[in-house]
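K.L.:
One structure coming up, written as structure tokens, with questions to follow.
Bear in mind these aren't lab numbers, they're just calculated from the coordinates by the rules spelled out. Being a predicted model, the structure only gives us computed values, none of them experimental. Neighbour counts run over all protein chains shown; Cβ positions are idealised from the backbone, glycine included.
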């Protein structure tokens, strides 16, 4: 059951999640091909365990079931193998069939872009894009609109104030432009500095000079007109 939940948490719709079963042998141990050994070294735990798992999945309205290796020597070709396997297959099919109608009446809600918290799953989702600056998954048109707004409004420059002195104000704001506006309204302020990741704005009365950065970074700064 946990495996199915892991896939669901990763963004796979419930109706697409199908559990695979490999009932083998005739219910006895003693060495292949006449035992409960599965491919890859696994051991079949028996019909009761498989049916219990199918019941839990059916109650959760997951996709259904499929079966591995029914044509293997340790499956139908073993002594009494068919007598063991067919009842298991029929029982699991019956479990899912019994719940299919009620599950169909429950409309499954497809995840939205905002539901994806990992960049990998966001990139796979149709119509979604990862907004690097905010660290969230958004719809393509939303990101495009946000980018256009940011490009239209640019305040200050990536860089730093050299030897800023006499801080006149400090606050948390949403953007560099908001920082510039806040410091312009603060008496005796001549420049401002904005820490983008922390959203911290500082205003200063004096500074030696404004040093521009070669590339965009965490800090933006600007000088205020007298």
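K.L.:
Label points 7 Å out from Cα along the Cβ direction at residue 139 and residue 6: separation in nm?
P.N.:
Between residue 139 and residue 6, the label points sit 3.4 nm apart.
K.L.:
Right, something else. What is the pair-distance distribution P(r) of the range 153-223, computed from all Cα-Cα distances in 5 Å bins starting at 0, with each bin given as a whole percent?
P.N.:
4, 22, 31, 28, 14, 2, 0
K.L.:
Using a Förster distance of 41 angstrom, determine the FRET efficiency expected from the C-beta separation of residue 132 and residue 89, and round it to 0.05. Numbers along the way, then the final one.
P.N.:
Values: r = 49 Å, r/R0 = 1.19.
The computed FRET efficiency comes out at 0.25.
K.L.:
Quick one: compute a quarter of the convex hull surface over the Cα atoms of the range 158-199 and quote it in nm². Mind showing how you got there, number by number?
P.N.:
Working: hull surface 11.9 nm².
Averaging across all directions leaves 3.0 nm² for the Cα convex hull.
K.L.:
Say R0 is 45 Å: what FRET efficiency, to the nearest 0.05, do residue 112 and residue 185 get from their beta-carbon distance? Before the final figure, lay out the partial values.
P.N.:
Details: r = 39 Å, r/R0 = 0.86.
Using R0 = 45 Å, I get an efficiency of 0.70.
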